[in-house]
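The values are calculated or read from the model by the stated rules, or taken from the named source; none is laboratory data. This structure is a prediction, so every number in the text was calculated from the model and none was measured. Glycine gets a Cβ as well: all are built from the backbone with ideal geometry, and neighbour counts include every protein chain shown. Keep in mind that these areas ignore ligands, DNA and RNA; they rest on the heavy atoms of the full protein, side chains included. Shrake-Rupley method; radii C 1.70, N 1.55, O 1.52, S 1.80 Å.
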Amino acid sequence: MSEKRFPLTKPQLDELSLRYPTPFYIYDEGAIRENARALKKAFSVFPSYKEHYAVKALPNPFILKILADEGFGADCASLPELRLADMAGIKGENIMFTSNETPAREYAAARDLGAVINLDDFTHIEYLERTAGIPELISCRYNPGPLKTGNAIIGKPEEAKYGLTREQVLAAFPLLRDKGAKRFALHTMVASNELNVDYHIETGRMLFDLAAEIKAKTGIRLEFVNLGGGAGIPYRPEQAAIDYDYLTGGLRKAYDEIIVPAGLDPLGIHTEWARAITGPYGWLVTRAIHRKNIYRTYIGLDSCMADLMRPALYGAYHHITIPGKETALLTETYDVVGSLCENNDKFAVQRQLPLIEIGEQGDFVVIHDAGAHGRAMGFNYNGKLRCGELLLRPDGSVLQIRRRETVEDLFATLDRVALEDFKNGE
Ligand SMILES: *Cc1c(COP(=O)(O)O)cnc(C)c1O
């Protein structure tokens, strides 16, 4: 079971919405920090641990700065993500650059920042050498193929486009050494939103086995292994969150059985979680503006899937609560929908909820677990403007960390001068 909390009361939301009209995202800084500390404490059973928050999940430098304060680095996959990490003050090897189909200029940018480059393919050794050069510290992404079963979102590893095969990994490290690399790391990412802790422990065991094999066959001693992201969160109230101590206990046992006898202790343990770091501590706050009765009853929000597309994209469940009606009976069955001209623009389908008041002063509708892969996945289809982001500080104050988009933002990439000429037939 997981408690579906929201940090503000209905009167607090009434007041906040005068300053910042709905819809908006709000993130709870205190809860994010507390979670980060709990994760670090659980991983302190290892001689060295580093979490690189995957920037794509919540690409806001205010959030990255909070995580940097807690000792976390960043995992980036593109040039703008590298810039965001840099903007937040995350430097050098605290940045992991896990990209794929990478253009040369992005490798160069990662090298200039001193980020750890994580190669996605064997052919990138030669590509990197020719473009940015082989750095002293280099990582390879391992795809175990049929050696590991997949999970629901990411699919089977042998059908995934990422990473090197086992044979390629074993050949890559000696080649990189010949080309001047001196420090080595191994990475994998085989799951997404996986709540089964044993699955993550098995992933660690798999990397430890390969680290031992690399040492035995090539004499190369890895500096760290990166278990990737993919830790799940309990989107549904009846699910339970990952038990951090159970996870690190299981990983430590595998470390003692494989890494210590292989003479690889101390080996750094890295992760690049995102969903489990911020997901439960962000909410999309909307207002119910319409109710429509046809074959079903629809509650229309002042938001849409442009702000949060997981329900439309994957049929993902996001819990919904109505501030001020937390204990009200769930007497109604609603489809809770947005304003996009797409019938899958539904935040909830046939959901049991309390009676919802509509209108300018209608009920707030809070969509939970939107703190990762939420606003970041938004888009502008149908001319929809994405909402802004607020940060609830530990002292109870609220800081706007991104304003909402304007129509001018939407048109910024159009050449208006050329348009006037075009209309005049010039
Ligand atoms: C998306 C991604 C992550 C973070 O995934 P979560 O499921 O949010 O933990 C980490 N590493 C890589 C390479 C990713 O693509």
- Message: Residues of the stretch 178-221 with backbone nitrogen within less than 15 Å of a virtual label 7 Å along the Cα-to-Cβ line of Arg236, please, listed as ranges.
- Response: 194-196
- Message: Need the list of lysines near Lys423 for cross-linking: C-alpha distance under 23 angstrom, and skip anything on the same chain fewer than eight residues off.
- Response: none
- Query: Carbon and sulfur together cover what percent of the accessible area of the stretch 302-385 at a 1.4 Å probe radius?
  - Reply: 51
- In degrees, nearest ten, helix 104-113 long axis to first principal axis of the chain (Cα): 80
- Message: Could you give the length gained by full extension between Leu313 and Arg5, i.e. 0.36 nm per residue of separation minus their alpha carbon distance, to one decimal place?
- Response: 108.4 nm
- If the label point sits 7 Å along Cα→Cβ of Leu18, residues of the stretch 381-406 with amide N under 16 Å come out as 398
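Extension gain Ala376-Leu175, at 0.36 nm per residue separation less the Cα-Cα distance, in nm? Show your work: numbers first, answer last.
On the way: separation 201, 0.36 × 201 = 72.36 nm, distance 3.76 nm.
In short, 68.6 nm is gained.
At R0 = 45 Å, how high is the FRET efficiency between Asp198 and Glu326 if r is their beta carbon distance? Nearest 0.05 is fine.
On the way: r = 34 Å, r/R0 = 0.76.
Taking R0 as 45 Å, the efficiency between Asp198 and Glu326 is 0.85.
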- Message: Output the 0 to 90 degree angle, nearest 10, between the alpha-carbon long axis of helix 29-42 and the longest principal axis computed from the alpha carbons of the chain.
- Response: 30
- Among 293-301, 138-146, what's the highest-first ranking by average C-beta atoms within 10 angstrom per residue? 138-146, 293-301
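Order 224-230, 103-109 from most to least packed using the mean count of other Cβ atoms within 10 Å.
Values: 224-230: 26.3, 103-109: 16.4.
Answer by packing, highest mean first, reads 224-230, 103-109.
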- Message: Just want the answer: with Cβ charges of +1 for Lys and Arg and -1 for Asp and Glu, which residue in Ile258, Leu222, Val285 is farthest toward the dipole's positive end in the stretch 183-304?
- Response: Val285
- Gap separating the Cα centres of the stretch 173-227 and the stretch 83-142, nearest whole Å: 17
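Lys41 to Thr413: FRET efficiency via 1/(1 + (r/R0)^6), r the Cβ-Cβ distance, R0 41 Å, to the nearest 0.05? Can you show the working numbers first?
Values: r = 46 Å, r/R0 = 1.11.
So the FRET efficiency works out to roughly 0.35.
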- Query: Can you give the convex hull volume per residue for the Cα atoms of the chain, as a whole number of Å³?
  - Reply: 171
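I want to verify the translational diffusion coefficient of the stretch 193-320 in µm²/s; compute it with Stokes-Einstein, Rh as the Kirkwood radius over Cα pairs, at 4 °C and 1.567 mPa s.
The calculation lands on 73 µm²/s.
Quick one: with all protein chains in place, what share of the accessible area of the stretch 104-227 is carbon or sulfur, to the nearest percent (1.4 Å probe)? Please report the intermediate quantities before stating the final value.
On the way: 2590 of 5190 Å².
The C+S portion of the solvent-accessible surface of the stretch 104-227 is 50 percent.
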- Item | Probe 1.4 Å, accessible area per residue of the stretch 338-426, Å² | 56
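May I ask you to give the solvent-accessible area per residue for the stretch 122-195, in square angstrom, as obtained with a 1.4 angstrom probe? Let's see the in-between values first.
On the way: 3370 Å² over 74 residues.
About 46 Å² of surface per residue is accessible.
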- Query: Straight-line reach from Lys56: which lysines have a Cα under 23 Å away, not including same-chain ones fewer than 8 places off?
  - Reply: Lys40, Lys65, Lys91, Lys156, Lys161, Lys384
- Item | Counted charge near Phe422, where neighbours are those whose Cβ lies closer than 13 Å (Asp, Glu -1; Lys, Arg +1) | -2
- Query: So how far apart, in nm, are the two label points at His290 and Arg105 if each is 7 Å from Cα heading toward Cβ?
  - Reply: 4.3
- May I ask which residue of His124, Ala212, Gly163 lies farthest towards the positive end of the charge dipole of the stretch 122-250, with charges of +1 (Lys, Arg) and -1 (Asp, Glu) on Cβ and the Cα centre as origin? His124
- Query: GNM, the chain, Cα, under 10 Å: largest mean-square fluctuation among Arg236, Arg416, Arg130?
  - Reply: Arg416
- Figure the gain on full extension for Ser397 and Ile358 (residue separation times 0.36 nm, minus the Cα-Cα span) and round it to one decimal in nm. 11.2 nm
- With r defined as the distance between the Cβ atoms of Thr218 and Asp112 and R0 fixed at 35 Å, what FRET efficiency is calculated, to the nearest 0.05? 0.75
